[in-house]
Amino acid sequence: MLIPGLSGHEGRVRRRLAAEMAGLGLSTTTDRLGNLIATAEGDPGRPSVMLFAHMDQLGFVVRKIEGNGFIRLERLGGVPERALAAQELLICVGEGRDIPAIVGNKSHHATSPEDKYRVVPYQEILVDAGFSSAEAAFSAGVKIGSPVVYAPRAFALAGDRIVGTSVDDRAGCAVIAEVARLLAPVRQRPTIHFVFSTQEEYNLRGAMPAAQALKPDI
């Protein structure tokens, strides 16, 4: 949940999950869409199974960098605009170099009466990362198309519940990794394909081609 992985930019998550699978003795492959696939061979007489969960998360890409350093975004996936005001973000420019930012939000007393309770469309929001010019943003590694995600966080609630960014569907990825661990010593089982898919938030692009290629029975 704390690893950025915008739809189409899942590389960091993929590397972490590949390491998890390798620790279980499972080799992995990555297809042209970026899906990570690990197969545990089993009894060929039993129906094969494919388990999948998507690695990607909702977010944005940088659409424009204004001369004063403010950043405009294009959303990627079904981002709820009603929840964007004053959100903390992370501009992904490279591991160890990501840039914290925040969605600008006018103070209540400086907002006109007609705008006080209006949901601001994402096209109108300005993101502040502390830059005073476009040149400063470019020098820090920000460019048109840079991935932007909600600032990663996770915390516990009462009743053994957790909340945070990317629960959808990093929770599913964690479940699949745990299933792989539990099944590793089991010998009487079918062939199981563990698929960590890409671009689910953008039209389910990863999982369907993976299923077509693997042709599982279930």
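Exactly one condition in (1) surrounded by 11 or more Cβ atoms within 10 Å (Cβ to Cβ); (2) of a type outside the set (Ser, Thr, Tyr); (3) free of Cβ contacts under 8 Å to residues at least 60 places away in the same chain; (4) more than 29 Å from Met21 (Cα to Cα) is not met by Ala110; state its number.
(1)
Being in contact (Cβ under 8 Å) with a residue 12 or more places away in the chain and over 25 Å from Val93 (Cβ atoms) is the requirement here; does Ser48 meet it?
For Ser48, the condition - in contact (Cβ under 8 Å) with a residue 12 or more places away in the chain and over 25 Å from Val93 (Cβ atoms) - is met.
On the given criteria, is Arg187 at pLDDT 95 or above and among the basic types (Lys, Arg)?
Here the answer is no, as Arg187 does not meet what is asked.
Test of understanding: among Ala158, Ala137, which residue is over 20 Å from Arg15 (Cα atoms), outside the structural domain of Leu24 (by TED's automatic domain parsing) and touching a strand residue (DSSP E or B) at 6+ places or on another chain (Cβ under 6 Å)?
Ala137
All but one of (1) without any contact (Cβ under 8 Å) to a residue 24 or more places away in the chain; (2) outside the structural domain of Glu74 (by TED's automatic domain parsing) hold for Asp115, so report the exception by its number.
So Asp115 meets the others, but not (2).
Taking only the range 166-218 into account, find how many residues are in contact with an Asp or Glu (Cβ under 8 Å, 6 or more places away or on another chain) and more than 28 Å from Pro147 (Cβ to Cβ).
Residues flagged as in contact with an Asp or Glu (Cβ under 8 Å, 6 or more places away or on another chain) and more than 28 Å from Pro147 (Cβ to Cβ) within the range 166-218 amount to 4.
Could you grab me the full set of residues in the range 73-102 that are of a type outside the set (A, V, I, L, M, F, W, C) and in contact with a Leu (Cβ under 7 Å, 6 or more places away or on another chain)?
The initial filter retains those residues of the range 73-102 that are of a type outside the set (A, V, I, L, M, F, W, C), namely 74-75, 77-78, 80-82, 87-88, 94-98, 100.
Answer for the range 73-102, where residues must be of a type outside the set (A, V, I, L, M, F, W, C) and in contact with a Leu (Cβ under 7 Å, 6 or more places away or on another chain): Gly77, Gly78, Asp98, Pro100.
β-branched (Val, Ile, Thr) and touching a Lys or Arg at 6+ places or on another chain (Cβ under 7 Å): does that describe Thr165?
Criteria met by Thr165.
The values are calculated or read from the model by the stated rules, or taken from the named source; none is laboratory data. Note that the structure is predicted; figures quoted are calculated from it, not measured. All Cβ positions, glycine included, derive from the backbone under ideal geometry; neighbour counts span all protein chains shown.
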